[in-house]
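Reviewing the structure listed below.
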2 protein chains.
Amino acid sequence: MNRKPKILITNDDGLYSAGLKASYEVLKELGEVFVVAPAVQKSGVGRSISIMEPIRVSKVHVNGMTSYAVDGTPTDAVIIGIHEIIGELPDLVVSGINMGENISTEAVTTSGTVGAALEAATQGSAAIAISLEVPDTDKFELFKPRDFTAAKSVLRKVAERILSDGMPEGVDVFNINVPSQPSAEIEFTRLARRLYVTRIEERLDPRGRKYYWIDGIEIEDAEEGTDLHALRNGRTSITPLTLDSTARIDFNKLRRWFDGGEG
Amino acid sequence: MNRKPKILITNDDGLYSAGLKASYEVLKELGEVFVVAPAVQKSGVGRSISIMEPIRVSKVHVNGMTSYAVDGTPTDAVIIGIHEIIGELPDLVVSGINMGENISTEAVTTSGTVGAALEAATQGSAAIAISLEVPDTDKFELFKPRDFTAAKSVLRKVAERILSDGMPEGVDVFNINVPSQPSAEIEFTRLARRLYVTRIEERLDPRGRKYYWIDGIEIEDAEEGTDLHALRNGRTSITPLTLDSTARIDFNKLRRWFDGGEG
């Protein structure tokens, strides 16, 4: 490649996250890097996009990086990054390193980290979402020093492969999850169907009015071959994702079901 | 079926939408109906879930329906509806009828209407997302009287099929879109890859500070067989969706790509 590749970095933990800095350290050696991320933590927002509110952007200097703080979602940051900051499609968009894993079909639709990567892919860019498993109690400790060695190493490898050969055909996003105590092993995985059993906690506020917290308990029995299984067994999981979630079924059969000929 | 089926209705336009009432009118004839929806409009929030804020719920009477107003997202409404209001898995969750279409791979990840249906499917319920194409200028006119005849008819048909035979194997959600000027024709479709080309509008506020609006211009050339193509040709589109967006590729080939053996 003659010209320097352009790489956009974003996340859903906000500009101050140590994980963003870790990505920056890896990627600045591979190309020209643009950091555009939400000003504050935006977890669980999926691929939310701000269509009802306008967006402001501030150029700031954080953790030794020149960055753009977007007062919107990770998806907003990708859109602003591509169309306003860079002004053209980058060669690669990296979302993360997120503090806390993003696994299973649930992560794909609820994670801001993955949401940003899906938006990047829709825009036509190669895209990586990368997350680090952290203890539950640490999930919102964004500035706690952590060992990013394994995450940085796999990020470098996948980014280099993409910048050299492009994304493999049929893959829109790589969703990478690195265990907190990693072995050297990498496994290509499919999404686990489910990660949590939903639990709701009912509480009373100081004035005696009910309110609820949504919570979840992890499912114990991960199937082999899934991202959940790989991660819980200390292996780094790489899941290739497609934007196309049309069901893979026989449409003639579907038509017969609809017409009531089957059941 | 001996016992009356339990049906949860939600949406992303909020409790006051005429589309919600239209769903209610159809579904109350098919089972015991529970209406649990965001108190105000929550468009573009995808499958956002409130994990950082607690949720409040109010029992209200709106448009002749006893309903539960949730001060959260459509996904929050589904979770609260299933676990707190109904207390068990319903036989069917219907999200909509939304004012404005939800088509293409973009809708699946950014639409609150589809997001709620994906959450319902994850919880283990049969799920329908249904949307009505409206003129662009009407998208936020939630109370304008509209002709729901075609939408109600297809909703009744699909809901009846599901309650009688269950979802077809491999289908997690039906995403239904009804044209504003419908013919009688129904087409089973796949998701169009893209609907919009992103456009950003830069403006100055009264104090001279820049801000941005994210906007999009529709792509003109829809491929045959897609939801976009069906809808723009006046046909009702039914797209079967899967929760599993793992890319459909050969993992051995992927491993070779990773190892650098291919390019």
With respect to the numbered conditions (1) more than 17 Å from the chain's Cα centre (by Cα); (2) on the phi > 0 side of the Ramachandran plot, which one is the sole condition not fulfilled by A:E160?
(2)
Given B:V94, B:V78, which one is crowded, with 22+ Cβ neighbours inside 10 Å, aliphatic (A, V, I, L, M) and away from chain A (no Cβ under 11 Å)?
B:V94
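Residues checked against (1) surrounded by 13 or more Cβ atoms within 10 Å (Cβ to Cβ); (2) among the acidic types (D, E); (3) modelled with pLDDT under 95:
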position	(1), (2), (3)
B:R190	yes, no, no
B:R194	yes, no, yes
B:I217	no, no, yes
B:T226	yes, no, no
B:A230	yes, no, no
Exactly one of A:K144, A:K157 is basic (K, R) and part of a helix (DSSP H, G or I), and that residue is A:K157
Here the residues within region A:44-65 that are surrounded by fewer than 24 Cβ atoms within 10 Å (Cβ to Cβ), touching a helix residue (DSSP H, G or I) at 6+ places or on another chain (Cβ under 7 Å) and in a loop (DSSP other than H, G, I, E, B) are A:G44, A:S50, A:N63
Quick one: count up the residues across region B:66-92 that are closer than 25 Å to A:M52 by Cβ, in contact (Cβ under 8 Å) with a residue 40 or more places away in the chain and in a strand (DSSP E or B).
2
Residues (within 23 Å of B:V108 (Cα to Cα), modelled with pLDDT under 90 and more than 8 Å from every other protein chain (Cβ to nearest Cβ)) located in region A:35-71:
A:K42, A:E53
When you check A:E106 against the structure, is it under 25 Å from A:T239 (Cα atoms), assigned to a loop (DSSP other than H, G, I, E, B) and not polar (S, T, N, Q), yes or no?
no
Can you pull out the residues in region A:187-205 that are acidic (D, E), over 18 Å from B:I85 (Cβ atoms) and at the interface with chain B (Cβ under 9 Å from one of its Cβ atoms)?
A:D205
Look through region B:129-154, keep the residues that are within 13 Å of another protein chain (Cβ to nearest Cβ) and at pLDDT 95 or above, and return whichever of them is surrounded by the fewest Cβ atoms within 10 Å (Cβ to Cβ).
B:V154
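For every residue, the table says whether it meets (1) within 29 Å of A:A121 (Cα to Cα); (2) over 19 Å from the mean Cα position of the chain (by Cα); (3) not in a loop (DSSP other than H, G, I, E, B).
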{"site": "B:S153", "(1), (2), (3)": "no, no, yes"}
{"site": "B:F174", "(1), (2), (3)": "yes, no, yes"}
{"site": "B:A184", "(1), (2), (3)": "no, yes, no"}
{"site": "B:E187", "(1), (2), (3)": "yes, no, yes"}
{"site": "B:E202", "(1), (2), (3)": "yes, yes, yes"}
{"site": "B:Y211", "(1), (2), (3)": "yes, yes, yes"}
{"site": "B:D215", "(1), (2), (3)": "yes, yes, yes"}
{"site": "B:L231", "(1), (2), (3)": "yes, no, yes"}
It is to be established whether one or more residues within region A:240-256 are within 12 Å of chain B (Cβ to nearest Cβ), out of contact with any helix residue (DSSP H, G or I) (no Cβ under 7 Å at 6 or more places or on another chain) and touching a residue at least 12 places away in the same chain (Cβ under 8 Å).
yes
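The values are calculated or read from the model by the stated rules, or taken from the named source; none is laboratory data. Everything numeric in this text was worked out from a predicted model, so none of it was measured. Here the Cβ is made from the backbone with ideal geometry for all residues, glycine too, and neighbour counts use every protein chain on show.
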